Amino acid sequence: MKKAYVFPGQGSQFTGMGQELYVRDPQARDLFDAADSILGFGLREIMFSGSADDLKATKVTQPAVFLHSVAAALSAGIRPDMVAGHSLGEFSALVAAGALDFEDGLKLVAVRAFAMQRCCEAVPGTMAAIIGGETSVIEEVCAATPGTVVAANYNNDGQIVISGEVTAVEAACAELKARGVKRALPLQVGGAFHSPLMEPARQELAAAIEATRFHTPKCPVYQNVDALPHTDPAEIRHNLLMQLTSPVRWTQTVKNMLADGASSFTEVGPGTVLQGLVRKIAPAGTEISGIA
C-alpha cells in the first residue's frame, strides 16, 4: 500500500491561489515571502489578487503553480512513497521528494518560464486536445502532416494533446475529425509546448539545469519523458533536460505507479485536473484526493 503524490502544471492557476495557505501556515508564508525576494517581483500579490490575464502570463503562471504546490506539500507534511508531476509539476515533485532545494527549484522554474515565453513570441505555435481517438491513429496523422506537429501530452487513454505549428495543428485536427475522433479542441495556450518548437527554450534551460545541484530523492520520481521511476541524480537531471521537447507520458506514468503498488493518489497544489485524469486511468476503488 503506497501513497503517490502528483503535482499539477500550467493551467491550474486561479486568482486567490495559495492565499488561505499563506494566512494559516507560517512555514508556507515564509516560502511565499522568500519567493518574492528570489524572483525580484511581487508574485504573491499577483497570485492573491491579480486578474486572470495577469496569471496567464507564462512567466507568472509557472512560478505561481510551483510555489503553491511546494508550500502545500510543506504545510501538509507529506511523506510520499512515490511522486510525479505533469510538465511544470515535475519540478514541484522533485522538491517534494528532496531531489531539488526550494530556491534552486524556483530559480529553474523562473528560467524555464521566461525561456518558454521568449520562445513562444519568436516561434508561433499552438496545441489541441484530441478526444476519443486511437493513440496510433493520432501519432500516424501527426507524422504524415506537413510541418511540425507531434503528440505532446498523453493525458489518459481517451485524451491526447497535440502540439506544433499553427497550420500543422489545424491540418492534423481536420484530418483526425475526418477519421472519426469525437473532438479536436484548440487550446488557449501561448505556444507549442513539449514539441520541437521549444528547442531554443530547452537549450536555455539546459544551461541552468547543468549548473544546479541535484540530490538523491527520498522516494522514486516518475519522470515525464519515460514514465519510469528514477532515484539517480544524473538520470533525473538528464530526463529534466529532455522534458521541454519531449511528450508528457502521463497515462503510462500513472499505470506504472499503480503497477508498482500505488493505492492512493493525492494531487498537491491548485486545481483538480490531475485528480480527473487519474480517475480515468486508475481502477475503481483507488483513493484519489487533493491538498491545496
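The values are calculated or read from the model by the stated rules, or taken from the named source; none is laboratory data. Keep in mind that what you see is a predicted model, and the values were worked out from it rather than measured. Cβ sites come from the backbone with ideal geometry, for glycine too, and all protein chains shown count toward neighbours.
Which ones in the range 37-65 are in a loop (DSSP other than H, G, I, E, B) and without any contact (Cβ under 8 Å) to a residue 12 or more places away in the chain?
Just the residues of the range 37-65 that are in a loop (DSSP other than H, G, I, E, B), to begin with: 40-42, 50-51, 57.
Result: GLY40, PHE41, GLY42.
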- Query: Is it true that some residue in the range 171-180 is crowded, with 24+ Cβ neighbours inside 10 Å, touching a Lys or Arg at 6+ places or on another chain (Cβ under 9 Å) and outside any strand (DSSP E or B)?
  - Reply: no
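Return yes or no: is ALA34 assigned to a helix (DSSP H, G or I), more than 24 Å from ALA115 (Cβ to Cβ) and small (Gly, Ala, Ser)? Before you say what the answer is, go through the steps one by one.
Details: assigned to a helix (DSSP H, G or I): yes; more than 24 Å from ALA115 (Cβ to Cβ): no; small (Gly, Ala, Ser): yes.
Against the criterion (assigned to a helix (DSSP H, G or I), more than 24 Å from ALA115 (Cβ to Cβ) and small (Gly, Ala, Ser)), ALA34 does not qualify.
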- Query: Quick one: what pairs do we get from the range 227-251, first residue farther than 15 Å from SER195 by Cα, second basic (Lys, Arg) and assigned to a loop (DSSP other than H, G, I, E, B), C-beta under 8 Å, 6+ apart or different chains?
  - Reply: ALA227/ARG249
- Within the bounds of the range 160-182, is there any residue that is of a type outside the set (S, T, N, Q), touching a residue at least 60 places away in the same chain (Cβ under 8 Å) and on the phi > 0 side of the Ramachandran plot? no
- So which residues in the range 215-236 are crowded, with 18+ Cβ neighbours inside 10 Å and of a type outside the set (A, V, I, L, M, F, W, C)? PRO217, PRO220, TYR222, GLN223, ASN224, PRO229, HIS230
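From the list ALA172, ALA184, ALA178, exactly one residue is touching a Cys at 6+ places or on another chain (Cβ under 8 Å) and more than 19 Å from PRO124 (Cα to Cα). Which is it?
Working: ALA172 fails: more than 19 Å from PRO124 (Cα to Cα); ALA178 fails: touching a Cys at 6+ places or on another chain (Cβ under 8 Å).
One residue alone meets the criteria, ALA184.
Matching residues to (1) in a helix (DSSP H, G or I); (2) surrounded by fewer than 24 Cβ atoms within 10 Å (Cβ to Cβ); (3) in contact (Cβ under 8 Å) with a residue 60 or more places away in the chain; (4) of a type in the set (S, T, N, Q):
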residue	(1), (2), (3), (4)
LEU67	yes, no, no, no
ALA71	yes, no, no, no
ALA84	no, no, yes, no
ALA93	yes, no, yes, no
ALA99	no, no, yes, no
GLY105	yes, yes, no, no
ALA110	yes, yes, yes, no
ALA115	yes, yes, yes, no
- Flagged in the range 42-54 as under 11 Å from THR15 (Cα atoms), of a type outside the set (Ser, Thr, Tyr) and surrounded by fewer than 19 Cβ atoms within 10 Å (Cβ to Cβ), in numbering order, are GLU45, PHE48, ALA52, ASP53, ASP54
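Is it the case that CYS119 is buried (at least 21 other Cβ atoms within 10 Å of the Cβ), assigned to a helix (DSSP H, G or I) and either on the phi > 0 side of the Ramachandran plot or under 18 Å from the mean Cα position of the chain (by Cα) (or both)?
Values: buried (at least 21 other Cβ atoms within 10 Å of the Cβ): yes; assigned to a helix (DSSP H, G or I): yes; either on the phi > 0 side of the Ramachandran plot or under 18 Å from the mean Cα position of the chain (by Cα) (or both): yes.
In short, yes.
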- Query: Within the range 238-292, can you find the residues that are among the small types (Gly, Ala, Ser), over 26 Å from ALA208 (Cα atoms) and crowded, with 17+ Cβ neighbours inside 10 Å?
  - Reply: ALA262, GLY271, ALA282, GLY290, ALA292
- Query: Which members of the range 1-14 meet the condition of being part of a loop (DSSP other than H, G, I, E, B) and either modelled with pLDDT of 95 or more or buried (at least 22 other Cβ atoms within 10 Å of the Cβ) (or both)?
  - Reply: PRO8, GLY9, SER12, GLN13
